[in-house]
Amino acid sequence: MLTQIDGILGQRGMSSPIQWSTPAAACGRAALLIAEHRGGTREIVRNPHLTKDWAAFAVRTPNLLAAVQAVLGPDIAVENTFLVVKWPGREFEIPWHQDGIDARLELHPDRSVSAWLAITDATAANGGLSVAPGSHRLGYLPVQKEPANGAERGRADQAHGFTPETTIPVPLRAGCAVLMDSRLVHRSGTNTSDGARIGLNVRYTAPGGILRRDPQSPSVVPISGTGWKSSRTRERRAPL
Ligand SMILES: O=C(O)CCC(=O)C(=O)O
């Protein structure tokens, strides 16, 4: 039973902090992103690793990749990324969820891992992540449709005992990352600070890690090892 397994990241289901960039380089990237996105209303950019050199580089940074390979083995691909820009004072919460399951996707928890890369500093005040350590041992929770926007997410709410008291903030300096078990329950709150908060979420997978995937999803991108050559046809469902 998956629920009785600690999982690839151990009892807490997470590993942090992992240095993916120097603080100065991350802050420099943040300044460019703030200039690029200022005035826009779109706060989530899907799959920047497919279109932006900086993101393609970020998902491959040696320290981060080594941490991912340490738990998944040498053959790594990026299934998906998204960039979240939280502007100061704008109401924007991301509710409790698990990265490895939604309407589009289900990832094998032993063959996938999720990373969240702080591009600015991320704190409880500016909308950084909070996690429920050990929650991955519950396994995947049923997916529910959100009444507000119709999005489907893993049902991981107060009914399962996730409250601010049972969860912990994961503050990260710009240039640091947290690795999370694909089943780890986490959320982020509104940015109540006076500066933008920016982070990049990355779902990494090893061959065999994709249990279900919407055929419309862009191709997975192998970034290390040779094991993807044989499984590529199976994992690739749609052209870029
Ligand atoms: O960037 C955020 O605020 C939260 C993102 C998140 O929860 C995730 O990437 O899974």
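The values are calculated or read from the model by the stated rules, or taken from the named source; none is laboratory data. All values derive from a computational prediction rather than experimental measurement. Counting neighbours? That spans all protein chains shown, and the Cβs are built from the backbone with ideal geometry, glycine included. Ligands, DNA and RNA are stripped out before the accessible areas are found, and what is left, the full protein with its side chains, is counted by its heavy atoms. Shrake-Rupley method; radii C 1.70, N 1.55, O 1.52, S 1.80 Å.
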| note | Of the residues in segment 15-30, those that are in a strand (DSSP E or B) and of a type in the set (A, V, I, L, M) come to 18
| said: Step by step: first the residues of segment 91-117, then only those that are touching a helix residue (DSSP H, G or I) at 6+ places or on another chain (Cβ under 7 Å) and open to solvent by less than 20 Å² (accessible area, probe 1.4 Å), then the one that is farthest from residue 43 (Cα to Cα). Which residue is that? | reply: 109
| message | Looking at the structure I just gave you, is residue 85 under 19 Å from residue 186 (Cβ atoms) and open to solvent by less than 20 Å² (accessible area, probe 1.4 Å)? | response | yes
| Residue in segment 186-203 that is farthest from the ligand (Cβ to nearest atom), counting only those that are open to solvent by 10 Å² or more (accessible area, probe 1.4 Å) and either hydroxyl-bearing (Ser, Thr, Tyr) or within 13 Å of residue 90 (Cβ to Cβ) (or both) | 194
| note | Filtering segment 5-36 for residues that are touching a helix residue (DSSP H, G or I) at 6+ places or on another chain (Cβ under 6 Å) and surrounded by fewer than 16 Cβ atoms within 10 Å (Cβ to Cβ) leaves a count of 1
| task | Scan 156, 148, 206 and give me the residue that is under 24 Å from residue 55 (Cβ atoms) and either crowded, with 18+ Cβ neighbours inside 10 Å or modelled with pLDDT under 95 (or both). | result | 206
| Is it fair to say residue 75 is free of Cβ contacts under 8 Å to residues at least 60 places away in the same chain and either in contact with a Lys or Arg (Cβ under 8 Å, 6 or more places away or on another chain) or away from the ligand (no atom under 13 Å from the Cβ) (or both)? | no
| task | Kindly indicate which of 115, 67, 122 is within 12 Å of the chain's Cα centre (by Cα), at pLDDT 95 or above and not β-branched (Val, Ile, Thr). | result | 115
| Hey, among the residues in segment 50-72 that are free of Cβ contacts under 8 Å to residues at least 12 places away in the same chain and among the aliphatic types (A, V, I, L, M), which one's least open to solvent (accessible area, probe 1.4 Å)? | 56
| field | Candidate set: segment 78-114, residues that are in a strand (DSSP E or B) and among the polar types (S, T, N, Q); chosen: the one farthest from the ligand (Cβ to nearest atom) | value | 112
